[in-house]
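**Student:** First the structure, then my questions, so here it is.
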Amino acid sequence: MAGRRIREAVKDTLVNQGKGEFDENTHVLIAGLANTYSQYITTFEEYQQQRYEAASTLFGPHTLSAYIQEFNKLAASMAIGENIGNEGPSPPDLSSVELILVKPPTGDRKPSNVNFGDVKKDVGSDNVKRGQIVSATFWSGNPRNDLLTEGTFAAVEMLSSDQKTWVPAYDDDDFSLIFKWSLENTTDSGLATIQWEIPQTAALGVYRLRHFGSAKSLTASSLEYFTGTSSSFKVS
């Protein structure tokens, strides 16, 4: 949508300020050829949702408006044949002094009598209401082992009406579901806490919390994928 709005704005400028060479049949194309990269550009409305693209829009909710402003200046200069003057300053090249302070995960720990994905602290009640918070904590590996970009670290599943299958209802891109990872103070074991603030719009029924993750014992070792499941509870 951001690209569409840029194209429409540039076309309007070309048509309105040109000398007749641009009309309603003009097609504006955005070529992604540049020697730099400024991350995503979302619309003001998309920015409010703070999903991946919006969270990666680096310059705030009015980024698109700023781009449209500058592209309109360029389009107006093209339409009237005006020289816009010297190019602006180039950003400094800081690649030689970049520091990477986040080290890769060094390995995961857990108590010897549990498995990754086992529940450490289960949901506190088997009957809750909309607006209440349900949480569970699992023994887990560092989420940086695998970001699960095509999956999710946390999910809320609902029991189907025939009570035979569990159906995904919410995952970690929903604002109502929070995923937290921490280290236990005494053993440095990884803990994943899933917290669900039950929306007022949630369907009544039986639910459970799920955790998905990966773990490894050494930095170079292969990953072990696991899942964890809380006890079921009823939203009534």
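**Student:** I need a count of the residues in segment 14-61 that are under 30 Å from residue 92 (Cα atoms), touching a Phe, Trp or Tyr at 6+ places or on another chain (Cβ under 7 Å) and assigned to a helix (DSSP H, G or I).
**Tutor:** Residues meeting the conditions: 2.
**Student:** Suppose we filter 124, 151, 141, 131 for residues that are part of a loop (DSSP other than H, G, I, E, B) and touching a Gly at 6+ places or on another chain (Cβ under 6 Å); which single one remains? Working first, answer last.
**Tutor:** On the way: 124 fails: touching a Gly at 6+ places or on another chain (Cβ under 6 Å); 151 fails: touching a Gly at 6+ places or on another chain (Cβ under 6 Å); 131 fails: touching a Gly at 6+ places or on another chain (Cβ under 6 Å).
Result: 141 is the single residue among 124, 151, 141, 131 that is part of a loop (DSSP other than H, G, I, E, B) and touching a Gly at 6+ places or on another chain (Cβ under 6 Å).
**Student:** Name the one entry in 205, 213, 228 that is at pLDDT 95 or above and touching a helix residue (DSSP H, G or I) at 6+ places or on another chain (Cβ under 7 Å).
**Tutor:** Testing whether each residue is at pLDDT 95 or above and touching a helix residue (DSSP H, G or I) at 6+ places or on another chain (Cβ under 7 Å) leaves just 213.
**Student:** Taking into account only those residues within segment 163-179 that are surrounded by 15 or more Cβ atoms within 10 Å (Cβ to Cβ) and among the charged types (D, E, K, R), which is farthest from the chain's Cα centre (by Cα)?
**Tutor:** Going through the qualifying residues, I end up with 171.
**Student:** Next up: Just name the residue that is nearest to residue 171 (Cα to Cα) out of those in segment 201-231 that are part of a strand (DSSP E or B) and basic (Lys, Arg).
**Tutor:** So the residue we want is 210.
**Student:** Hey, does segment 58-81 have a residue that's touching a Gly at 6+ places or on another chain (Cβ under 6 Å) and touching a residue at least 12 places away in the same chain (Cβ under 8 Å)?
**Tutor:** yes
**Student:** Of all the residues that make up segment 62-106, how many are assigned to a loop (DSSP other than H, G, I, E, B), under 33 Å from the mean Cα position of the chain (by Cα) and of a type in the set (Val, Ile, Thr)?
**Tutor:** Residues in segment 62-106 being assigned to a loop (DSSP other than H, G, I, E, B), under 33 Å from the mean Cα position of the chain (by Cα) and of a type in the set (Val, Ile, Thr): 3 in total.
Condition check ((1) more than 27 Å from residue 149 (Cβ to Cβ); (2) outside the structural domain of residue 175 (by TED's automatic domain parsing); (3) surrounded by 15 or more Cβ atoms within 10 Å (Cβ to Cβ)) across all residues:
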residue: 8; (1), (2), (3): yes, yes, no
residue: 27; (1), (2), (3): yes, yes, no
residue: 52; (1), (2), (3): no, yes, no
residue: 61; (1), (2), (3): no, yes, yes
residue: 68; (1), (2), (3): yes, yes, yes
residue: 71; (1), (2), (3): yes, yes, yes
residue: 81; (1), (2), (3): yes, yes, no
residue: 98; (1), (2), (3): no, yes, no
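**Student:** Any residue at all in segment 44-63 that is within 21 Å of residue 8 (Cβ to Cβ) and touching a Lys or Arg at 6+ places or on another chain (Cβ under 9 Å)?
**Tutor:** Checked against the condition, which is being within 21 Å of residue 8 (Cβ to Cβ) and touching a Lys or Arg at 6+ places or on another chain (Cβ under 9 Å), segment 44-63 yields no hits at all.
**Student:** If the requirement is being closer than 21 Å to residue 105 by Cα and surrounded by fewer than 17 Cβ atoms within 10 Å (Cβ to Cβ), which of these qualifies: 182, 236, 160, 189?
**Tutor:** Only one candidate passes the filter, namely 182.
The values are calculated or read from the model by the stated rules, or taken from the named source; none is laboratory data. Predicted model, so just to flag it, every value in this text is computed and none were measured. For neighbour counting, all protein chains shown are included, and Cβ atoms are generated from backbone atoms with ideal geometry for every residue, glycine included.
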